[in-house]
């Protein structure tokens, strides 16, 4: 076995999420905040990583048919848990690829999806670009292209959401069915926006999806955030549909000067929100930091 380290991006929620004809999906919103996982030869000891990360290593080796050996695993992350920023998905995806590389192999994104989905509902941040992905069963895996330069002001509404419990809600399928027409329109808008580099279409799609999701997981500050963002030149607001964060989307990179004034106005008007920082919308995909050392 060799030592391998892999980095995965997190997300600021999703650009769009819902169902189409009853099939779950999300459209990824990867940002430049990361989780990094290292898998190294033993001796085995207390893992410096969560149970899901360790499970991802073991399931990867089972999938590849390689013998399990004593190993150490360590994880480092910029991503808070339970907020809808793909913290678990980033850890699991990075662990899958690091485990494969440690065994002298490499996984395709579709293989990582299969392994990760067997552990829990999964964000598609490990696919290159922006993708439309069925985060529950993996039935949809559609690349939509690379994002134009955009920045995201990230705010947290507080609390934590358990992704597994959220996706077990008895009323979730019915509530998603009600909003399918709006979600279908949002998918069309974001697809055209990504194809043409039109930030305004991407922002419009995200706002539509965020508002439609209020009946499933309400964020009381959302209408005020949308109004303030519009006054400062933002193109839209997205949310974590099964989490607590909101993102104010600005075109261009770095963020325009208006973004700072927008942040200050939102903090004043919405005392229940906490500003987490500014991130760039990026293409998804994993980065190999270290591969092959013994």
Practice task
Check every one of the strands (runs of 3 or more DSSP E) wholly within the stretch 224-294 and list those with 2 or more residues that are under 23 Å from residue 204 (Cβ atoms).
Solution key: 236-239, 245-251, 274-281
Practice task
Could you tell me whether the stretch 42-51 includes any residue that is part of a strand (DSSP E or B), surrounded by 17 or more Cβ atoms within 10 Å (Cβ to Cβ), modelled with pLDDT under 95 and more than 22 Å from the chain's Cα centre (by Cα)?
Solution key: no
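Could you please find all residues in the stretch 1-53 being over 30 Å from residue 143 (Cβ atoms) and in contact with a strand residue (DSSP E or B) (Cβ under 7 Å, 6 or more places away or on another chain)?
Our first condition is that a residue be over 30 Å from residue 143 (Cβ atoms); within the stretch 1-53, this holds for 1-3, 40-48, 51.
The answer is 1, 2, 3, 40, 41, 42, 44, 45, 47, 48.
Among the residues of the stretch 116-137 satisfying the criterion of being out of contact with any strand residue (DSSP E or B) (no Cβ under 9 Å at 6 or more places or on another chain) and in contact (Cβ under 8 Å) with a residue 60 or more places away in the chain, which is farthest from residue 277 (Cα to Cα)?
As a first pass, look at the stretch 116-137 and keep what is out of contact with any strand residue (DSSP E or B) (no Cβ under 9 Å at 6 or more places or on another chain): 116-120.
Narrowing further to those that are in contact (Cβ under 8 Å) with a residue 60 or more places away in the chain: 116, 119-120.
Numbers: 116: 28, 119: 30, 120: 28 Å.
Restricting to residues being out of contact with any strand residue (DSSP E or B) (no Cβ under 9 Å at 6 or more places or on another chain) and in contact (Cβ under 8 Å) with a residue 60 or more places away in the chain, the top hit is 119.
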Fill in the blank from the handout: Among (1) surrounded by 16 or more Cβ atoms within 10 Å (Cβ to Cβ); (2) farther than 26 Å from residue 117 by Cα; (3) within 18 Å of the chain's Cα centre (by Cα), residue 189 falls short only on (3)
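Scanning the stretch 196-207 for residues that are in contact (Cβ under 8 Å) with a residue 40 or more places away in the chain and in contact with a helix residue (DSSP H, G or I) (Cβ under 9 Å, 6 or more places away or on another chain), which turns out surrounded by the fewest Cβ atoms within 10 Å (Cβ to Cβ)?
Filtering the stretch 196-207 down to residues in contact (Cβ under 8 Å) with a residue 40 or more places away in the chain leaves 197-200, 202-203, 205-206.
Now narrow it down to the ones that are in contact with a helix residue (DSSP H, G or I) (Cβ under 9 Å, 6 or more places away or on another chain): 198-200, 202-203, 205-206.
Numbers: 198: 17, 199: 22, 200: 13, 202: 31, 203: 26, 205: 27, 206: 30.
Filtering the stretch 196-207 for residues that are in contact (Cβ under 8 Å) with a residue 40 or more places away in the chain and in contact with a helix residue (DSSP H, G or I) (Cβ under 9 Å, 6 or more places away or on another chain), the one surrounded by the fewest Cβ atoms within 10 Å (Cβ to Cβ) comes out as 200.
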Exercise for the section: Looking for whichever is touching a strand residue (DSSP E or B) at 6+ places or on another chain (Cβ under 6 Å) and either in the same structural domain as residue 83 (by TED's automatic domain parsing) or at pLDDT 95 or above (or both) here; the options are 140, 202. Which one fits? Expected result: 140
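Answer yes or no as to whether residue 22 is closer than 26 Å to residue 241 by Cβ, surrounded by fewer than 23 Cβ atoms within 10 Å (Cβ to Cβ), in contact with a helix residue (DSSP H, G or I) (Cβ under 8 Å, 6 or more places away or on another chain) and not assigned by TED's automatic domain parsing to the domain that holds residue 178. Lay out the reasoning, then the answer.
Details: closer than 26 Å to residue 241 by Cβ: yes; surrounded by fewer than 23 Cβ atoms within 10 Å (Cβ to Cβ): yes; in contact with a helix residue (DSSP H, G or I) (Cβ under 8 Å, 6 or more places away or on another chain): yes; not assigned by TED's automatic domain parsing to the domain that holds residue 178: yes.
Spelling it out, residue 22 is indeed closer than 26 Å to residue 241 by Cβ, surrounded by fewer than 23 Cβ atoms within 10 Å (Cβ to Cβ), in contact with a helix residue (DSSP H, G or I) (Cβ under 8 Å, 6 or more places away or on another chain) and not assigned by TED's automatic domain parsing to the domain that holds residue 178.
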Completion exercise
Turns out the strands (runs of 3 or more DSSP E) fully within the stretch 62-155 with at least 3 residues that are more than 21 Å from residue 13 (Cβ to Cβ) are 71-77
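Can you pull out the residues in the stretch 266-284 that are more than 9 Å from residue 153 (Cβ to Cβ) and out of contact with any helix residue (DSSP H, G or I) (no Cβ under 8 Å at 6 or more places or on another chain)?
In the first step, residues of the stretch 266-284 are kept if they are more than 9 Å from residue 153 (Cβ to Cβ); the result is 267-274, 280-284.
Answer for the stretch 266-284, where residues must be more than 9 Å from residue 153 (Cβ to Cβ) and out of contact with any helix residue (DSSP H, G or I) (no Cβ under 8 Å at 6 or more places or on another chain): 267, 268, 271, 272, 274, 280, 281, 282, 283, 284.
Suppose the filter is surrounded by fewer than 16 Cβ atoms within 10 Å (Cβ to Cβ) and under 30 Å from residue 143 (Cβ atoms); does residue 253 pass it? Give the steps one after another, and end with the answer.
On the way: surrounded by fewer than 16 Cβ atoms within 10 Å (Cβ to Cβ): yes; under 30 Å from residue 143 (Cβ atoms): yes.
So residue 253 fits the description; yes.
The values are calculated or read from the model by the stated rules, or taken from the named source; none is laboratory data. Please read all numbers here as calculations on a predicted model, not as lab measurements. Heads up, the Cβs are rebuilt from the backbone with ideal geometry, glycines too, and the neighbour counts pull from every protein chain shown.
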